[in-house]
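Right, one structure below, let's go through it.
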Amino acid sequence: MKTFVQMETDLRLESSLWVNNRRCAAVLTGWHFKWSEVDKKSRDKKTVSVPVAELVGVEEGKVEVLPHKTVEDTDKDFTVFYVKRSSSTGSCGLLWRLGRTQFSCPSRVLRDQWIKNLRTAVQTHTPLRPHRLLVFINPFGGKKMARQIFHSLVAPLFELAGISSHVIGKTEVFSNKILKDNGKIANCMVKKQLFCVFLVLLVTERANQARDHLLKKDLMGFDGVVCVGGDGMFSEILHGVIGRTQQEAGTCENDPGVTLQPCPLHIGIIPAGSTDCVCYATVGVIDPVTSALHIIIGDSQPLDVCSVHYGFALVRYSVSLLGYGFYGDVLVESEKHRWMGPLRYDYSGSMVYLSNRSYTGTVQYLPADPLLSSPRDNTRCLSGCTVCSRSTERLFPNSSDSGSLYSSYSGHFHNDLEGEWVTVEGRFKCVSLTCMSSSCTRSPMGLSPSAHLADGTGDLVLVWDTNPLSFLRFLYRHTSTDDQFDLPFVEVHRVKAVRFSLAGDTKEEGHEEIRELSDEMDIEAGGQVRSGSRNGSQQHLAENATGRVTTSEKKTVIPFTCCLCCKKPPAVSVWNCDGEILPFTNISCRIHGQLVRLYARGIEDKAAIHHCSQERDMCNITYMLETSLP
Ligand SMILES: CCCCCCCCCCCCC/C=C/[C@@H](O)[C@H](COP(=O)(O)O)NC(=O)CCCCC
Ligand SMILES: Nc1ncnc2c1ncn2[C@@H]1O[C@H](COP(=O)(O)OP(=O)(O)O)[C@@H](O)[C@H]1O
Ligand SMILES: [Ca+2]
């Protein structure tokens, strides 16, 4: 505490500064940088207040970044770059843009003092700002725009924040410079800038290359991994980061009862895929600039992860949608139409809906504590969510704050598998499990609108067999704000773990490939994976458990042969696990609270921001909402 007071005093700076030839009173406290015009009538007076945590860069001279970076190197001026917000139409969150203000000082000495204090304030108050990043770009995701998105929208921002780049793999153009592969991390710091960040960039040439890199290569010194792509690409990174962490901790991921080690590497997502659900549900908008700014300032959002097991073998991890029935069928159908890009889901969704299928199964679930929260409490998990904060205290009782999360996890998951299992059996249109709301542009409120990003639970949605019109009503409610659970054939439960098995004596028809796969895996009667190292078995599974037809190395495992026009519908569906087809039907799942951290902060509350703008001098939102975007 004493240190903090000391820093506050050291950093505080107050003086007159000129903005556009108008005199302003400027003040830097430990946490905010504020300025307001002094000669204006008081009723018109506007204070701009930027949290230190949201400063992007401080540079000498008069600096412009649009359309190209230019610097007028005057010795009494400095330019401040910061996060500026704007309401976006059609999204639940706020767009972030780069704000920029040029200040003039009466003397060079004062200018240098401002620059020094602002930079020190940032370094002091934003410990999670990344210094070394590893970036993976999937050139084939979504509309195949990932490279352009990175180079035109993200790279200039990273460069402004002092990021230098190095390329591994193919030669890559970065910021108008051709950089050659030399096998080392570029070791140049950009002087005069606020942050010195090293960026290693890899444009993938095959599926799972990013995951394999994370599992095997030297990651020493990196703070985070950034993926430019969709949910499938994020899933690769997720598997690499979790797998590597468990490998280093000596934890066996195959054991469904094991406590997994939280991952120290942060993950950033630059959205460039088809659904981009993880980005939408954690940021509130699909916007590469917004996501890049969250990465630059080192935001940190914990995220629950669901591990999916087949017996005593890990199959995959999931964060958004683990869906059997409708969503599994949509995925199988959509893979045949990948050439359509993101539209494949709309087309396949309609086709599968028309095929009017339902499936029998037995679902068992372990309810979460109903006193903590409910999937029907009409709340939203927003930035600074109290339910998630309380979960941090519960999941990591020995850590004083979330920043020291990874150094102390002795109490982690101490009782998360206690309780009584509930069993339901019947015929379902779909069975879905999601660790978060899973909102996306198709469904702005998501599969479960009140689900939490980091509360250590998932929401299980059971949609019983019903007539086509009622099911359409349910699907339609995903796209609106109407309560999708207020239907007699739908139920939702907040859970810690789930098991699914085919009901009664239903055979896994058409599952020859799956049986072969199980044989290859050498699963004993007792459930142990006998052969192969921990990594070997997990990688083996991961490589075979995926069914995307686009990937070069993956075997396509689509476990039913029936096409949509067949008269006899299949008795068994498949699991859609964050966009990957699972080769097993009888699975068990467990939610691991706050297993990974993203460079995000959850969806910002638009209502609070409106309130803020009325307060006028409360925060930089005032400025943002009154200033048009560049
Ligand atoms: C007949 C029209 C039905 C409209 C229903 C809308 C419901 C949408 C809910 C979507 C939940 C999305 C959860 C996220 C899933 C992604 O992980 C997965 C893979 O994404 P990507 O890697 O970007 O390709 N996406 C899907 O499985 C798409 C499901 C779309 C269902 C219509
Ligand atoms: N170079 C590559 N070639 C083929 N597939 C790739 C490549 N890089 C990544 N992938 C795979 O492509 C799949 C889809 O990627 P993603 O970025 O999620 O796009 P989309 O959202 O359109 O599905 C992911 O499962 C990922 O493993
Ligand atoms: Ca959750």
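What follows is calculated from the coordinates using simple rules that are stated; it is not laboratory data. This one's a predicted model, so the numbers in the text were calculated from it and none came from an experiment. Neighbour counts are summed over all protein chains in view; Cβ atoms, including those assigned to glycine, are modelled from backbone coordinates with ideal geometry.
Rounded to the nearest 0.05, what FRET efficiency do Thr386 and Arg427 have when you use their Cβ-Cβ distance and R0 = 35 Å?
Details: r = 39 Å, r/R0 = 1.11.
It comes out at approximately 0.35.
Excluding Leu153 itself, calculate the net charge of residues whose Cβ lies under 15 Å from the Cβ of Leu153, where each Lys or Arg counts +1 and each Asp or Glu counts -1. Write down the numbers at each step before the final one.
Working: positive: Lys69, Arg97, Lys143, Arg147; negative: Glu159, Asp276, Asp287.
Counting the neighbours of Leu153, the net charge comes to +1.
Could you quote the convex hull projected area for the stretch 224-361, Cα atoms only and averaged over all directions, in nm²? Numbers along the way, then the final one.
Working: hull surface 39.3 nm².
The Cα convex hull of the stretch 224-361, projected and averaged over all directions, gives 9.8 nm².
Neighbouring Cβ atoms within 10 Å as the yardstick, rank Ser107, Ser448 fewest first.
Working: Ser107 11, Ser448 25.
The most exposed by this proxy come first: Ser107, Ser448.
Using Cβ counts within 10 Å as a stand-in for footprinting exposure, how do Met220, Met351 rank, fewest first?
Numbers: Met220 6, Met351 17.
Ranked by crowding around the Cβ, least crowded first: Met220, Met351.
Sorted from fewest to most neighbouring beta carbons within 10 Å, what does the list Cys385, Cys589, Cys277, Cys252 look like? The partial results should precede the final answer.
On the way: Cys385 21, Cys589 27, Cys277 30, Cys252 15.
The most exposed by this proxy come first: Cys252, Cys385, Cys589, Cys277.
Considering the zone a paramagnetic label at Thr74 would reach in this model (a point 7 Å from Cα along the Cα-to-Cβ line), which residues of the stretch 12-38 have amide N under 15 Å from it?
Zone members listed by number: 17-24.
Grab the Cα-Cα distance for Leu472 and Lys217, subtract it from 0.36 nm times how many residues apart they are, and report the gain in nm with one decimal. Show your work: numbers first, answer last.
Details: separation 255, 0.36 × 255 = 91.80 nm, distance 4.75 nm.
The span from Leu472 to Lys217 would gain 87.0 nm if fully extended.
Return the distance in nm (one decimal) between the two label points of a simple spin-label model at Glu420 and Asn398, each offset 7 Å from Cα along Cα→Cβ.
Reported label-point gap for Glu420 and Asn398 is 3.4 nm.
Determine the relative contact order of the stretch 193-281: mean sequence separation of Cα pairs under 8 Å and six or more apart, normalised by residue count, in whole percent. Intermediate results must be reported in sequence, preceding the final value.
Working: 93 pairs, mean separation 29.6, N = 89.
Dividing the mean separation by the residue count of the stretch 193-281 yields 33 percent.
Please report, to two decimal places, log10 I(q)/I(0) for the stretch 57-163 at q = 0.10, 0.14, 0.15, 0.19 Å⁻¹ as given by the Debye formula with identical point scatterers on the Cα atoms and no solvent.
-0.40, -0.74, -0.83, -1.15
Which residues among the stretch 431-461 fall inside the zone where the amide N is under 16 Å from a point 7 Å beyond the Cα of Asp346, along Cα→Cβ?
Output list for this probe position: 440-444.
Report the FRET efficiency, 1/(1 + (r/R0)^6), for Phe489 and Ser87, where r is their Cβ-Cβ distance and R0 is 41 Å, rounded to 0.05.
On the way: r = 37 Å, r/R0 = 0.89.
For R0 = 41 Å, the calculated efficiency reads 0.65.
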